[in-house]
Ligand SMILES: Cc1cc2nc3c(=O)[nH]c(=O)nc-3n(C[C@H](O)[C@H](O)[C@H](O)COP(=O)(O)OP(=O)(O)OC[C@H]3O[C@@H](n4cnc5c(N)ncnc54)[C@H](O)[C@@H]3O)c2cc1C
């Protein structure tokens, strides 16, 4: 059976797209590998009506609500490939099964590639953080740090100083230019040039950074902007144009969340900067509604 739509990725973006397609009484199959980007955090903040919700529970509830619609099929696992076929697209699943649809939504998200510093991975999403709007309030007034990972890290430190006393950790990298150093000084941001040997603290809490020169500096939360990768090569396989985002590749979309390939929509972190769950969900709504309207109006234009 050919579906009207296949959604690859069943999290904030994919489930938001799918519910709008389902509410328009079109058939939609959601394939999801079950590894949302924020699974490392115990709480998701700032989402309308669900501030502080547990990420996997929020997604499970949205998935359960979606499954009340009779035209929905959900499948667990990863889509491993996709290609255009006459009248639509074919998506291949991990165990060799293929499914087909008239349209696709790519909502498979991105992954963070953390710098290799001892003690960082196990604290990611807990006391090593990517976004002050998501987790900054919980660390307000405490000892904050920003790890320099990119040219914009100094800008991040200027911002994060709004949440508490902040140090920019160059980790052996270059000093910001003189103008930026002056701005950092005006914001009270300290600069620590030394390389970081290790993050230290009890379980996933952070209490100090051990520097390469043997000093230990006290800290409660360390912010960083890691490089990101798309979770699947399917956009490239389909021929979708990508842009070089500040942190990694981004699937190019128009205002309707249509990619450069007709019939293929993309939503969420894989297709936007900046990122958060609300924007991902909103993009999913746009993709789902656009896709449905294309199903209605494209045949009329033929
Ligand atoms: C540590 C951390 C904490 C965060 N905290 C917050 C917060 O408090 N508030 C907030 O608003 N935002 C937060 N974010 C950002 C938020 O996680 C993302 O913006 C949001 O998850 C993006 O939603 P998405 O649907 O685009 O992608 P994701 O949520 O990453 O979901 C993508 C889904 O697609 C699946 N998938 C991947 N590849 C395939 C495939 N080939 N086939 C099938 N399925 C596939 C994945 O397994 C996953 O289930 C946080 C991010 C991080 C890293």
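Listed here are the residues, each with its yes/no results for (1) surrounded by fewer than 20 Cβ atoms within 10 Å (Cβ to Cβ); (2) modelled with pLDDT of 95 or more; (3) assigned to a strand (DSSP E or B).
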position	(1), (2), (3)
194	yes, yes, no
198	yes, yes, yes
205	yes, yes, no
222	no, yes, yes
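Filtered by the rule that a residue be in a strand (DSSP E or B) and farther than 23 Å from residue 138 by Cβ, the stretch 149-191 gives a lone residue, 191. Evaluation of residue 163 against the conditions (1) over 27 Å from the mean Cα position of the chain (by Cα); (2) closer than 26 Å to residue 245 by Cβ shows that the sole unmet condition is (1). Of all residues in the stretch 58-76, those satisfying the criterion of being outside any strand (DSSP E or B) and either within 13 Å of the ligand (Cβ to nearest atom) or crowded, with 19+ Cβ neighbours inside 10 Å (or both) are 58, 59, 60, 62, 63, 66. Reported count of residues in the stretch 104-113, each being farther than 18 Å from residue 78 by Cα and either near the ligand (Cβ under 10 Å from one of its atoms) or crowded, with 19+ Cβ neighbours inside 10 Å (or both), is 1. When restricted to residues that are more than 19 Å from residue 256 (Cα to Cα) and surrounded by fewer than 21 Cβ atoms within 10 Å (Cβ to Cβ), the stretch 1-55 contains 22. Taking the condition assigned to a loop (DSSP other than H, G, I, E, B) and crowded, with 20+ Cβ neighbours inside 10 Å, does residue 275 pass? Yes; evaluated as a whole, the condition is true for this residue. Residues that are under 17 Å from residue 139 (Cβ atoms) and surrounded by 18 or more Cβ atoms within 10 Å (Cβ to Cβ) within the stretch 207-219 comprise 209, 219, listed in sequence order.
What number of residues within the stretch 249-272 are part of a strand (DSSP E or B), buried (at least 19 other Cβ atoms within 10 Å of the Cβ) and within 15 Å of the ligand (Cβ to nearest atom)? Final tally of qualifying residues: 5. A single member of 16, 83 is farther than 21 Å from residue 233 by Cα and either assigned by TED's automatic domain parsing to the domain that holds residue 275 or within 11 Å of the ligand (Cβ to nearest atom) (or both), and it is 16. Just name the residue that is surrounded by the fewest Cβ atoms within 10 Å (Cβ to Cβ) out of those in the stretch 128-140 that are outside any helix (DSSP H, G or I) and within 11 Å of the ligand (Cβ to nearest atom). Checking each candidate, the answer is 131. Select from the stretch 1-34 the residues that are assigned to a loop (DSSP other than H, G, I, E, B) and at pLDDT 95 or above and list them in ascending order. Listed by number, the residues that qualify are 9, 10, 11, 24, 25, 26, 27, 33, 34.
The values are calculated or read from the model by the stated rules, or taken from the named source; none is laboratory data. Model, not experiment: these values are computed from the prediction. Cβ atoms come from the backbone with ideal geometry, glycine included; neighbour counts cover every protein chain shown.
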